[in-house]
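Heads up, the thing below is written out as structure tokens.
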Amino acid sequence: MKLNAVTEALKYVNDGDVIGLGSGTTVALFMEELSKSGKKVTCVPTSLDTLFRASKLRIPITTLNHVRVLEKTFDGADQVDERLRLIKGGGGALTREKVVAYSSKELVIMVDKTKCVKKLGLGFPVPLEFIFEALPLIQKRVDELFGATVVLRMGQGKLPPLISDNGLVLGDVHFKDGLEDPNYAEEELNKIPGVLENGLFTKHPNVTVLVGEEKGCKTLKRP
Ligand code: 5RP
């Protein structure tokens, strides 16, 4: 199913494009297939993992400082709802992913159909990136605002906490009954002092979601 989404996404890439590249296993597969296709692109990576994969596949790398605006970014997601709002950051790269996505005219998301949900936050937490010292304050505010809990992400289940590519820590916000209003949650989480970014993507104006199924791929566009 993932490969079907990735194969469809390749049709959105033209020789000579400069593209944003997200992070995660779906993007890794996309990069492999892109490299096999022979299309020559330059990429803006969103994580060290993607940067190293690009170097290995000899995909040239640039930065937003050089290109400023991208036509398209290709990324995966952890959950997608019917309004094509996303939870991202399961792999911890949410902040750079959001910066690159919002610097792109079109955000192309590749998922398998298991990621499509009625309600965001049910069965998957919302990732957060923040400074470690803010954890108690964040836990208190998130409880007051949503009755939700924040779990610090650990390196393979042990101390010390996992450190992000930006040198901060990551946490996951667990909403017992999912999110009633993801747009509001995205805004409120980012207002808590010490929070750098959260994994809700509700505001991109041009999202295309390619949903890989057992046979083929469905294309969803936000009206
Ligand atoms: C990483 C992400 C990924 O896009 C998301 O976690 C999906 O990953 P995968 O393609 O491995 O299922 O947001 O921060």
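In nanometres, what is the gap between the two model label sites at ASN14 and TYR184, each 7 Å from Cα along Cα-to-Cβ?
4.3 nm
Can you tell me what percent of all Cα-Cα pairs in region 91-188 are more than 18 Å apart?
Numbers: 2581 of 4753 pairs.
That fraction is 54 percent.
Full extension from LEU145 to HIS174: what is 0.36 nm times the residue separation minus their Cα-Cα distance, to one decimal in nm?
Values: separation 29, 0.36 × 29 = 10.44 nm, distance 1.26 nm.
Length gained between LEU145 and HIS174: 9.2 nm.
Between THR42 and ARG83, what FRET efficiency follows from the Cβ-Cβ distance if R0 is 30 Å, with the result rounded to 0.05?
After rounding to 0.05, the efficiency reads 0.40.
As a quick test, which of the pairs LYS11/LYS105; LYS113/LYS158; LYS56/LYS158; LYS115/LYS191; LYS115/LYS140; LYS119/LYS203 have an alpha carbon distance above 25 angstrom in this structure? Before the final figure, lay out each step's value.
Working: LYS11/LYS105 17 Å; LYS113/LYS158 32 Å; LYS56/LYS158 30 Å; LYS115/LYS191 28 Å; LYS115/LYS140 30 Å; LYS119/LYS203 17 Å.
In this structure, LYS113/LYS158; LYS56/LYS158; LYS115/LYS191; LYS115/LYS140 exceed 25 Å between Cα atoms.
When you have a sec, figure out the Kirkwood radius of region 1-47 from all distinct Cα pair distances and drop it here in Å to one decimal? Please list the in-between numbers first.
On the way: mean 1/r = 0.0928 Å⁻¹.
About 10.8 Å, per the Kirkwood formula over Cα pairs.
Could you give the nm distance between label points at PHE132 and VAL67, where each point is 7 Å from its Cα heading toward the beta carbon?
With each label placed 7 Å out from Cα toward Cβ, I get 3.5 nm.
Given the Cα-Cα distance of LYS218 and LEU159 and 0.36 nm per residue of separation, how much length would full extension add, in nm? Let's see the in-between values first.
Numbers: separation 59, 0.36 × 59 = 21.24 nm, distance 4.17 nm.
Using 0.36 nm per residue and subtracting the Cα-Cα distance, I get 17.1 nm.
Hey, if we sort PHE201, PHE52 by accessible area with the 1.4 Å probe, largest down, what's the order? Show your work: numbers first, answer last.
On the way: PHE201 5, PHE52 135 Å².
Descending accessible area places them as PHE52, PHE201.
Quick one: work out the % antiparallel among DSSP beta bridges in the chain, nearest 5. Numbers along the way, then the final one.
Working: 24 of 44 bridges.
About 55 percent, rounded to the nearest 5.
Can you pull the percent of the chain's accessible area that's carbon plus sulfur, 1.4 Å probe, other chains left in place?
Values: 5960 of 10820 Å².
Here carbon and sulfur together make up 55 percent of the probe-accessible area.
Go ahead and set up a Gaussian network model of the chain, Cα springs under 10 Å, then flag whichever of GLU32, GLU213, GLU144 fluctuates most.
GLU144
The values are calculated or read from the model by the stated rules, or taken from the named source; none is laboratory data. Quick caveat, the model's predicted, so the values are computed rather than measured. Glycine also receives a Cβ, built like all others from the backbone with ideal geometry; neighbour counts cover every protein chain displayed. Protein only, heavy atoms only, side chains kept; ligands, DNA and RNA dropped before computing areas. Shrake-Rupley method; radii C 1.70, N 1.55, O 1.52, S 1.80 Å.
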